[in-house]
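Trainee: Dropping a structure here in structure tokens format, bear with me for questions.
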Amino acid sequence: MITLKQFTFNPYQENTYVLYDETGECVIIDPGMYDGSEQNILASWIKETKLKPVLLLNTHCHLDHVFGNKFVFDTWGLKPQFHKGELYILQAVPGYAPQMGLNYELSPEPEVFLEETGTVTFGNSELELIFAPGHSPAHLCFYAKEDGFIVGGDVLFYTSIGRTDLPGGNHQQLIDNIREKLFILPDKVEVFPGHGHLTTIGYEKRNNPFLK
């Protein structure tokens, strides 16, 4: 059984997730830690909970979701894994972060890229890959089917959707992917988004104004 821990970090109030199971192995998804105090919050919690990080996953590579990639690499030796279509998004971050007045520690690049479909595993657990671009060019969601939740990044929010005005964004593609990839999941599946609070597939099917 997967347990999920959520942290909210950085000026963009981005949700960073740690998923772990009874083996003590854990996955860090979208580490958004921006400064030393936020890095300490995550590292101290992982140490106190006696977890062993074994995977670093990025749903996509906008700066607010990768601020902490280098810290995770320096601390636990993990390079990020994401779809190769996000690599140029990651490589663009050093060019624009300073213009926004933001400090950015250069993320390592992956040795392993994730595919559009398939699974990633840790401990006794498995996450299914769901390819849902639109907010970004090669966005992945991570679906814990047996545990009934999805870590959705910036695809679907509580009564909202990811913005599509950034490089690589495509509004119609995002809408189509939500309808065809996420709305086919059971209504009770919980959606843990990249910003804001959790929702469910069923609630969004009934109430999301962007998908009427």
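Trainee: Right, Thr59: open to solvent by 50 Å² or more (accessible area, probe 1.4 Å) and either closer than 15 Å to Gly194 by Cβ or of a type in the set (S, T, N, Q) (or both) or not?
Mentor: So Thr59 fails the test.
Trainee: Which residue is farthest from Met100 (Cα to Cα), if the candidates are limited to segment 4-24 and must be in contact with a Cys (Cβ under 9 Å, 6 or more places away or on another chain) and buried (at least 20 other Cβ atoms within 10 Å of the Cβ)?
Mentor: Tyr20
Trainee: Additional query: Under the condition of being in contact with a strand residue (DSSP E or B) (Cβ under 8 Å, 6 or more places away or on another chain) and either free of Cβ contacts under 8 Å to residues at least 24 places away in the same chain or of a type outside the set (A, V, I, L, M) (or both), which residue from segment 159-176 is surrounded by the fewest Cβ atoms within 10 Å (Cβ to Cβ)?
Mentor: Thr159
Trainee: Here's a check for you: in segment 25-51, which residue that is among the acidic types (Asp, Glu) and surrounded by 19 or more Cβ atoms within 10 Å (Cβ to Cβ) is farthest from Cys141 (Cα to Cα)?
Mentor: Among them, the one singled out is Glu38.
Trainee: Pairs under 7 Å by beta carbon, first residue of a type in the set (S, T, N, Q) in segment 188-212, partner surrounded by fewer than 17 Cβ atoms within 10 Å (Cβ to Cβ), six or more apart or different chains?
Mentor: Thr199/Tyr158; Thr200/Asp187; Thr200/Lys188; Asn207/Thr159; Asn208/Thr159
Trainee: Now for a separate question. Could you run through segment 169-207 and say how many residues are farther than 15 Å from Asp154 by Cα and assigned to a loop (DSSP other than H, G, I, E, B)?
Mentor: Of the residues in that region, 7 qualify.
Trainee: Considering only segment 21-43, state which residues are part of a loop (DSSP other than H, G, I, E, B) and over 22 Å from His83 (Cβ atoms).
Mentor: If the condition is that a residue be part of a loop (DSSP other than H, G, I, E, B) and over 22 Å from His83 (Cβ atoms), then Asp21, Glu22, Thr23, Gly24, Met33, Tyr34, Asp35 are the ones that fit.
Trainee: Something else about it: Can you go through Leu90, Leu78 and tell me which one is part of a helix (DSSP H, G or I), of a type outside the set (S, T, N, Q), free of Cβ contacts under 8 Å to residues at least 60 places away in the same chain and open to solvent by less than 30 Å² (accessible area, probe 1.4 Å)?
Mentor: Leu90
Trainee: Would you call Leu63 aliphatic (A, V, I, L, M) and within 20 Å of Arg163 (Cβ to Cβ)?
Mentor: Yes, satisfied.
The values are calculated or read from the model by the stated rules, or taken from the named source; none is laboratory data. None of the values given here were measured: they were computed from a predicted structure. For neighbour counting, all protein chains shown are included, and Cβ atoms are generated from backbone atoms with ideal geometry for every residue, glycine included. What goes into the accessible areas is simple: the full protein's heavy atoms, side chains included, and nothing from ligands, DNA or RNA. Shrake-Rupley method; radii C 1.70, N 1.55, O 1.52, S 1.80 Å.
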